[in-house]
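Please treat every number below as a calculation from the coordinates, not as lab data. Treat the numbers as computed from the prediction; the structure is a model and nothing was measured. Ideal geometry is used to build each Cβ from the backbone, glycine not excepted, and the neighbour counts take in all protein chains shown.
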Amino acid sequence: MSFDWAAFFEYLPRLIKAAGVTLQVSLLSLGLTCLLAPLLAMGRLLGPPPLRATVQAFIEVIRGLPPLVVIAFCYFALPKIGVVLSGFWCGVLALGVVGAVYAAEIIRSAIESLGKGQLEAALALGFARWRAVLDILLPQALRRILPPLTNEFANLIKASSLLSVISVHEISQVGQSLIFETFVVIEILVQMAVLYLIIIGGVSFLSRRLEKGLAE
């Protein structure tokens, strides 16, 4: 079976438009992840015992659920308590929360891997515990945090394909619709793969540049 280049270029504009939606969802959910993850990590590290227990329970619950269940919960359950969001913003919220709990654990484990000696020394010098973590331990942990965070961000972008179940017109949803409409399979799958690779490759490139900057 030959590759149908005419079909490839005919349907490419619709998938490029869908890639724009995927990119928007990904960037917004990554932004939410970057906002929530440090708060959750610091809550586990620095909070009083009730807060640490609450944050840990929240992290364990979300980590124990498939992302699809979190997405469905945001879309179907939140309206029951009066929080009505579009499919797009439900996707941003769900992916942001899922990404945040994994990123929070990456941050926490990186800080704790530095050992207790530096923290104890900082406390002995009169630093408050929160200031010792933020000013001394966190800057050292950044280089350890970045590579696994990049992998987590890539997983988050790939998880955006799950938003097709709540009718968000991202790459996966539009690609499936085109396949069902046209029965053109290989060409559309190739387009979907290329677009995902471009988006994830861009995130990886920026991460490598940032990692290189931190190393200098």
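When the criteria are applied in full, I188 fails the requirement of being within 19 Å of the chain's Cα centre (by Cα) and surrounded by 15 or more Cβ atoms within 10 Å (Cβ to Cβ).
Of the residues L195, L137, only one is surrounded by 13 or more Cβ atoms within 10 Å (Cβ to Cβ), in contact (Cβ under 8 Å) with a residue 24 or more places away in the chain, over 30 Å from G47 (Cβ atoms) and of a type outside the set (D, E); which?
On the way: L137 fails: over 30 Å from G47 (Cβ atoms).
Result: L195 is the single residue among L195, L137 that is surrounded by 13 or more Cβ atoms within 10 Å (Cβ to Cβ), in contact (Cβ under 8 Å) with a residue 24 or more places away in the chain, over 30 Å from G47 (Cβ atoms) and of a type outside the set (D, E).
Helices (runs of 4 or more DSSP H) fully within region 1-78 that include at least 2 residues being under 27 Å from L195 (Cβ atoms) and either more than 17 Å from the chain's Cα centre (by Cα) or in contact (Cβ under 8 Å) with a residue 60 or more places away in the chain (or both): 5-46, 67-72.
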